[in-house]
Structures are given as C-alpha cells and as structure tokens.
Amino acid sequence: MAGTDEREAAFYAIVDSDGRIEPRDDMPEAYRKTLIRQIAQHAHSEIIGMQPEGNWISRAPSLRRKAILLAKVQDEAGHGLYLYAAAETLGVSRDQVLELLHTKRQKYSSIFNYPTLTWADVGAIGWLVDGAAITNQVPLTRCSYGPYARAMVRICKEESFHQRQGFESLLTLTRGSAAQKAMAQDALDRWWYPSLAMFGPPDTGEQVSGGHTEQSMRWGIKRFSNDELRQRFVDMTVPQSEVLGLTIPDPDLRWNDERGHYDFTAPDYDELFRVIKGDGPCNAQRLAHRVAAHTDGAWVREAAAAYAAKQRAKTRTEAA
Ligand code: FAQ
C-alpha cells in the first residue's frame with residue numbers, strides 16, 4: 001500500500017493535470033470535508049430556494065406563468081437531489097446533512113432569506129439570482145471532484161433557462177403599464193445588493209472571507225475568487241438592465257476603460273454576515289417551513305423505503 005506522501009502526490013497529480021477525483025480515489029480529509037460543506041450548503045440552498053418563488057405559484061398572473069414557475073421550482077428540487085447524491089459519494093447520508101441544516105449547523109445561501117413581496121420579485125430572482133448562480137456555477141462544472149462537476153453540468157443548463165425566463169418576465173413588465181414598470185424597478189432595487197452578496201465575502205480587506213478561497217483554488221474546487229465572479233456578474237448584468245430599461249440602484253456604477261470592467265459599489269458585508277448568522281428578514285420562517293415539510297413528509301419517505309425493500313426482496317427471490 002502506498003505511503004501518505006505517495007497518496008498525496010497521486011492526488012495532486014490528478015488535480016494539477018485538471019483530472020477528476022472520483023469517490024474511491026484517495027483524497028485529503030480536509031478536501032473531503034470542504035466538499036461536503038460546500039455541496040451540502042449548495043443542496044440546502046436549492047431546496048430552501050424553492051420557498052421564495054413557491055410563494056407565488058398560487059398567484060401567478062396567468063396559466064402560462066404558473067406552468068413555467070411550477071416547472072422552475074420543481075427544477076430546484078431536482079438540483080437539490082443531484083447535489084445530495086453527490087454529497088453522499090463523500091460518505092455522508094442525506095439524513096445527516098439535512099439534520100445539520102435543521103439544527104443550523106450547516107448554512108444555505110443568504111439570498112433566500114429575503115421576502116418575495118410582488119410578482120416582479122419572481123422575475124428578479126430568475127434574472128439576478130439565477131444569473132448569479134450561473135456565474136458562480138459554470139466554473140464548478142470543471143471542479144476537481146467528478147460527481148460535483150457532473151451534477152453541475154445539468155444544473156447549469158437548467159439555471160440558464162431559468163435566468164432567461166426571469167429576464168423575459170421582467171421585460172414583459174417593463175414594456176407594460178407604468179405601474180408594472182415601477183414594480184420591476186422596485187424588485188431590482190431590493191434584489192441587486194443581496195444578489196451581489198451571494199458571491200460571499202470579499203477577497204481582501206477587513207471583512208475578508210473565512211479563508212476558504214485560496215485552499216479551494218489549490219484543490220481545483222473553486223476556479224475563481226468571490227470578487228472575480230462578482231465582477232463578472234456585474235459586467236454581464238449591466239447591459240441586460242439597459243435592455244430592460246431599468247436602473248441599477250448604484251450611483252457609482254460606471255464603465256472603467258482602464259480596467260475593462262464596471263466599477264460598482266460593494267454590497268453591505270455586515271448585512272451579509274448578519275443574514276448568514278441567522279438574522280435576515282426570513283431566516284426563521286424559511287427554516288421553520290423546511291423542518292415542518294420534512295416532518296410532514298416522514299410517511300412518504302417511510303413508504304418509499306418500504307417499497308424499495310420489498311422490491312429488493314422480490315429481486316432476491318427471483319434470482320434464487
Ligand atoms: N450565503 O470563504 P468563503 C442558487 C459562507 S444556489 C451563506 O468565500 P466558500 C440556485 C461560506 O459558506 C445558491 N453563506 O466560502 C437557485 C463560509 O462559511 P463557513 C448557492 C455564505 O465556500 C436559484 C464563509 O461564508 N450556491 O442560487 C455565503 O469558499 C434560484 C466564508 O466564505 C452555491 O452554494 C452566502 N452568500 O465560498 C435556487 C454554490 N457566502 O463554512 C433557487 C456553491 C459565503 O466558513 C432559486 N458554493 N458564505 O462557516 C460556492 O461556490 C461557495 O461555497 C461560495 C462561498 C462562493 C458560496
């Protein structure tokens with residue numbers, strides 16, 4: 001059996017050649033733990049992220065919009081499933097990580113702790129939140145951990161469709177009545193900075209991140225820093241806001257020729273940390289709803305497990 005140094009060298013040889021680490025490969029314990037933390041947080045975000053938009057399914061303004069929204073919210077549940085399955089390949093069960101979420105020992109994205117006050121918020125989530133999610137997640141399709149990278153390919157295709165439907169929904173509003181346009185602008189005003197904060201703490205300065213970026217980049221989990229992705233999102237979104245005819249709520253937003261990027265005002269990171277710690281507008285409501293849904297769904301899980309056990313027994317009897 002190879003020694004620790006040789007096993008570590010084999011691991012870095014795969015990472016450095018842009019290969020994929022697979023579940024049965026040797027991997028440093030800290031790499032495994034980081035992936036569990038990130039993939040579980042990502043999975044939790046997908047399923048808690050069903051709540052803000054789910055709030056509008058019963059009040060969608062037309063059958064077409066309702067069908068689209070139902071499909072989108074179901075897609076998010078599917079993303080949660082792929083990601084929980086990817087986390088399970090690292091040796092944790094779905095029950096274990098859900099327990100950590102329900103007892104506040106694992107996080108989910110800050111963005112889902114903000115309320116959806118109007119129909120335009122559904123469009124803004126598609127345009128901005130899914131837009132931010134794609135910016136962050138397309139590089140994850142090249143993540144060094146195979147099951148996570150592969151899950152991200154399908155997720156990104158769906159998120160990209162979600163982003164376009166959000167943009168199209170807002171475009172319809174901005175081309176509608178003055179009241180509809182004002183509703184779209186109000187949604188952008190409220191969702192802009194929380195969307196920028198989704199990318200996490202800044203790379204430098206007093207509020208610097210918990211320090212995962214450098215290590216995660218060395219491991220090929222993160223390909224870009226939080227600030228690099230935030231900038232990419234702003235550069236992509238400003239021209240789209242112009243097509244919509246909406247104003248991004250940042251008086252200091254302007255193109256910087258020298259940098260080849262937009263300059264913009266950073267989100268309030270103190271607010272981000274407060275929301276992450278549980279003190280956002282909807283944290284208590286989101287978690288209570290999640291725990292209640294889990295408790296109410298116990299009979300479904302029991303029935304599914306009993307059915308699966310019966311099928312396995314049947315297969316064994318037939319094979320004997
Ligand atoms: N919210 O050192 P970093 C979606 C935490 S999916 C809460 O930068 P890292 C789809 C971080 O965990 C959205 N916590 O950490 C959808 C760490 O905590 P710890 C979710 C945050 O991991 C759309 C600490 O701060 N996407 O939207 C946040 O290297 C529409 C220090 O931060 C993903 O999860 C935050 N915003 O980078 C669904 C993508 N930011 O463990 C429904 C995968 C940071 O030290 C509707 N995740 N933290 O206590 C990632 O790419 C990374 O985990 C980052 C954070 C970039 C989120």
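ARG223 meets each of the listed conditions (1) in contact with a Lys or Arg (Cβ under 9 Å, 6 or more places away or on another chain); (2) under 26 Å from ASP268 (Cβ atoms); (3) of a type in the set (Lys, Arg) apart from (2). Checked across region 284-300, the condition of being over 25 Å from GLY54 (Cα atoms) and hydrophobic (A, V, I, L, M, F, W, C) holds for no residue.
One residue stands out in region 102-150 among those that are part of a helix (DSSP H, G or I), charged (D, E, K, R) and more than 9 Å from the ligand (Cβ to nearest atom): the one that is farthest from LEU81 (Cα to Cα), namely ASP121.
For every residue, the table says whether it meets (1) more than 24 Å from the chain's Cα centre (by Cα); (2) farther than 27 Å from ILE134 by Cβ; (3) among the charged types (D, E, K, R).
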{"residue": "PRO239", "(1), (2), (3)": "no, no, no"}
{"residue": "GLU242", "(1), (2), (3)": "yes, no, yes"}
{"residue": "ILE248", "(1), (2), (3)": "no, no, no"}
{"residue": "HIS261", "(1), (2), (3)": "yes, no, no"}
{"residue": "ALA266", "(1), (2), (3)": "no, no, no"}
{"residue": "ALA284", "(1), (2), (3)": "no, yes, no"}
{"residue": "HIS289", "(1), (2), (3)": "no, no, no"}
{"residue": "ALA313", "(1), (2), (3)": "yes, yes, no"}
{"residue": "ARG316", "(1), (2), (3)": "yes, yes, yes"}
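Contact annotation: residue pairs with Cβ atoms under 7 Å, 6 or more positions apart or on different chains, pairing a residue in region 134-162 that is touching a residue at least 24 places away in the same chain (Cβ under 8 Å) with a partner that is part of a helix (DSSP H, G or I) and among the basic types (Lys, Arg), are THR135/ARG232; ALA149/ARG142; HIS162/LYS72. For region 26-38, filtering for residues that are in a helix (DSSP H, G or I) and more than 8 Å from the ligand (Cβ to nearest atom) leaves 7.
Go through VAL97, VAL73 for me and flag whichever is assigned to a helix (DSSP H, G or I), in contact (Cβ under 8 Å) with a residue 12 or more places away in the chain, in contact with a Phe, Trp or Tyr (Cβ under 9 Å, 6 or more places away or on another chain) and not aromatic (Phe, Trp, Tyr).
Unique residue meeting the criteria: VAL97.
Looking at (1) surrounded by 22 or more Cβ atoms within 10 Å (Cβ to Cβ); (2) without any contact (Cβ under 8 Å) to a residue 40 or more places away in the chain, which is the one condition that is false for SER109? Only one criterion in (1) surrounded by 22 or more Cβ atoms within 10 Å (Cβ to Cβ); (2) without any contact (Cβ under 8 Å) to a residue 40 or more places away in the chain is unmet by SER109, namely (2).
Matching residues to (1) surrounded by 16 or more Cβ atoms within 10 Å (Cβ to Cβ); (2) among the acidic types (Asp, Glu):
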| position | (1), (2) |
| --- | --- |
| PRO52 | yes, no |
| SER58 | no, no |
| LYS66 | no, no |
| LYS72 | yes, no |
| GLY78 | no, no |
| TYR82 | yes, no |
| ALA85 | no, no |
| GLU88 | yes, yes |
| SER93 | no, no |
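A single entry from VAL238, VAL243, VAL275 fulfils the requirement of being in contact with a strand residue (DSSP E or B) (Cβ under 9 Å, 6 or more places away or on another chain) and either more than 15 Å from the ligand (Cβ to nearest atom) or under 30 Å from GLU168 (Cβ atoms) (or both): VAL238.
Read-outs throughout are calculated quantities, based only on the coordinates presented, and are distinct from any laboratory measurement. This is a predicted model, so every value here is computed, not measured. Don't worry about glycine lacking a Cβ; one is built from the backbone with ideal geometry, like all the others, and counts go over all protein chains shown.
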